[in-house]
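Submitted below is the structure of interest, expressed as structure tokens.
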Amino acid sequence: MDWKYKHFHQERVFPAPRDVVVEAARTFMHESLGWHITNTPDGFTAEGYSFSHKAIAHLQFQSDGDGTRVAIELLVERTGWRGYMLFDVGGYYNIQIRKWLDGIQWSIHQKLTGTRDESANPLVLAENKPAAYIFNGCLMFIVAMFGLYFLVTFICAVVGLITGTLYLWGRGGTLVIHGTLARIVSGLILLGGAFVVWRVKRKR
């Protein structure tokens, strides 16, 4: 398991020549997302931030019959100012990659037709949908609740290690552990948290 990055991958074939697709993708990632572009032998790398996490997207382009296959490998740093990302809550980043692929298709259309209609940009359309606000709000709430739960569990582990009484909250109610077992479980919780922090810092 990569403790520093969460990995995502998607591909799509576009019915356009490779040079057109590469230029359209570069334009979309730089102008619409504002990410920094670095060319590579088989495509380019884009670096920026997504949902408060630093991210690196590797885009590879390969001719596929009369079209071009675009493969996006997205690496998202697990640590961000909103907290540590253990898993992709709500499939947020997979949804984002699909939007990027839609955006590349939109950018290809702009280049082939010579038009520039920002109102048809998938990112603009998504931002104007009420469902997007609701989804982002729910996502923020879930992240906040997870962060609060882990914080409370950490505090309870510290108290349990000191006093010998450990309280653990869960869906089935509150579990209370006393004595030596409480101190052992508390120590394991704290060691687990310290291990995760150590692995993250070690990868930096």
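List the residue pairs whose Cβ atoms are under 8 Å apart, where the first residue sits in segment 182-204 and is β-branched (Val, Ile, Thr), the second is surrounded by 11 or more Cβ atoms within 10 Å (Cβ to Cβ) and at pLDDT below 75, and the two are 6 or more positions apart or on different chains.
196/84; 200/84
Would you point out which residue out of 112, 125, 101 is modelled with pLDDT under 65 and under 24 Å from residue 12 (Cα atoms)?
Result of the check over 112, 125, 101: 125.
So which residues in segment 147-160 are surrounded by 12 or more Cβ atoms within 10 Å (Cβ to Cβ), under 14 Å from residue 193 (Cα atoms) and not small (Gly, Ala, Ser), if there are any at all?
149, 150, 152, 153, 154, 156, 158
Sticking with this one: Restricting attention to segment 164-180, and to residues there that are in contact (Cβ under 8 Å) with a residue 12 or more places away in the chain and not aromatic (Phe, Trp, Tyr), which single residue is nearest to residue 3 (Cα to Cα)?
Here the residue is 168.
Considering only segment 84-92, I want to know if a residue exists there that is free of Cβ contacts under 8 Å to residues at least 24 places away in the same chain and touching a helix residue (DSSP H, G or I) at 6+ places or on another chain (Cβ under 8 Å).
Scanning segment 84-92 turns up no residue that is free of Cβ contacts under 8 Å to residues at least 24 places away in the same chain and touching a helix residue (DSSP H, G or I) at 6+ places or on another chain (Cβ under 8 Å).
Something else about it: Can you name every residue in segment 143-182 that is under 30 Å from residue 51 (Cβ atoms) and of a type in the set (Gly, Ala, Ser)?
144, 147, 157, 170, listed by residue number.
Being at pLDDT below 90 and not β-branched (Val, Ile, Thr) narrows it down to one of 88, 64, 42, 19, so name that one.
Result: 88 is the single residue among 88, 64, 42, 19 that is at pLDDT below 90 and not β-branched (Val, Ile, Thr).
The values are calculated or read from the model by the stated rules, or taken from the named source; none is laboratory data. Values in this document were obtained by computation on a predicted structure and should not be read as measured data. As a convention, Cβ positions derive from the backbone with ideal geometry for all residues, glycine included, and neighbour counts pool all protein chains shown.
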